[in-house]
Amino acid sequence: ANMALAVLKALLVWGVNEGLCERNAAADIRALETETESHRPWPDAAWRYVLANAPEDIRRFAILARATGQRGVDVVRMGPRMMRHDRIDLTIQKTRRRHVCVLTPADAATIRAWPCGELAPWVASPSGGRTTEGALRARFVSWRSEHELTADLTLHGLRALAVCDARLAGMGQQEIAALYGMSLAM
């Protein structure tokens, strides 16, 4: 709804500027307040704790999300069929664009070592079947609460952590945007 409102406002600004309407009727409409997931990168201690203590599906998700810098909806779809050498080829769900995630040799070796069928996803539900981002997020939130980890520790924070890793490696904003398939503003 908020995205539709933003598009409507932009369209009406254009309409006013072109003389097609007299005023932007959407200008005074406030966006809905929503609970959004944090984009804060994970602290090192939290990263180490999750790797050492989380269930296999959450641990694998964390490794893939940090290694690829992708959104959760794309991470849960990743599997061996997408891997070519040290790269993961995918179509980003949000943008519908093809993208290649370049992995470090260490990340590629870790991911290749996971037992997984060729057509199965690397991140599977506890029963061994496919999972969704929402189901994995719910499991993570429950596990995080049981382990008394802060609510700022979110799955989406792994995307921010990947960006921090790239910045620490000396990459600039444009390189990072291209590496992770994200907008420059992001």
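The values are calculated or read from the model by the stated rules, or taken from the named source; none is laboratory data. From a predicted model like this one, the values you see are computed outputs, not experimental measurements. Methodologically, a virtual Cβ is constructed for each residue, glycine included, from the backbone with ideal geometry; neighbour enumeration extends over all protein chains shown. Remember, those area values only see protein heavy atoms, side chains included, never the ligands or the DNA or RNA. Shrake-Rupley method; radii C 1.70, N 1.55, O 1.52, S 1.80 Å.
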Counting helices only, and only those DSSP H runs with n ≥ 4, report the 222 nm mean residue ellipticity of the chain as the sum of -39,500 (n - 2.57) divided by its residues, in deg cm²/dmol to the nearest 500.
-> -13500 deg cm²/dmol
Return a whole-number percent for the relative contact order of the chain, with Cα pairs under 8 Å and 6 or more residues apart as the contact set.
-> 27
Total formal charge among the other residues, if their Cβ is under 13 angstrom from that of ARG139, Lys/Arg +1 and Asp/Glu -1 | 0
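In whole percent, and with a 1.4 Å probe on the protein chains, what portion of the accessible area of the chain is carbon and sulfur? Kindly include the intermediate steps, with their values, before the conclusion.
On the way: 6110 of 11130 Å².
Exposed carbon and sulfur together represent 55 percent of the surface.
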For the stretch 65-79, Karplus couplings with θ = phi - 60° (6.51, -1.76, 1.60), whole Hz, Gly/Pro x | 5, 5, 5, 9, x, 9, 5, x, 4, 7, 4, 5, 8, 5, x
Calculated FRET value between ALA4 and ALA138, using beta carbons and R₀ = 22 Å, to 0.05 | 0.25
How much net charge surrounds GLY15 when only the other residues with a Cβ under 15 Å from the Cβ of GLY15 are counted, with Lys and Arg +1 and Asp and Glu -1?
-> 0
For the stretch 49-186: rounded, prolate or oblate by the Cα gyration tensor [a/c cutoff 1.5] = oblate
With θ set to phi - 60°, apply the Karplus curve 6.51 cos²θ - 1.76 cosθ + 1.60 along the stretch 51-63 and write out the HN-Hα couplings as whole Hz, x wherever there is a Gly or Pro.
-> 4, 7, 10, 6, x, 4, 5, 5, 4, 4, 4, 4, 5
Would you mind getting me the FRET efficiency between TYR49 and LYS94? Use the beta-carbon distance for r and R0 = 22 Å, nearest 0.05.
-> 0.15
Counting only the heavy atoms of the protein chains, how much of ARG139 is accessible to a 1.4 Å probe, in Å² to the nearest 10?
-> 80
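For ALA109 and GLU175, what is the calculated FRET efficiency with R₀ set at 22 Å and r taken between the beta-carbons, to the nearest 0.05? Can you show the working numbers first?
Working: r = 24 Å, r/R0 = 1.08.
Efficiency, from the Cβ-Cβ distance: 0.40.
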Checked the stretch 71-127 against the a/c 1.5 cut and the a/b vs b/c comparison, axes a ≥ b ≥ c from its Cα gyration tensor; verdict oblate
Residue-normalised accessible area of the chain, expressed per residue, 1.4 Å probe, Å² | 60
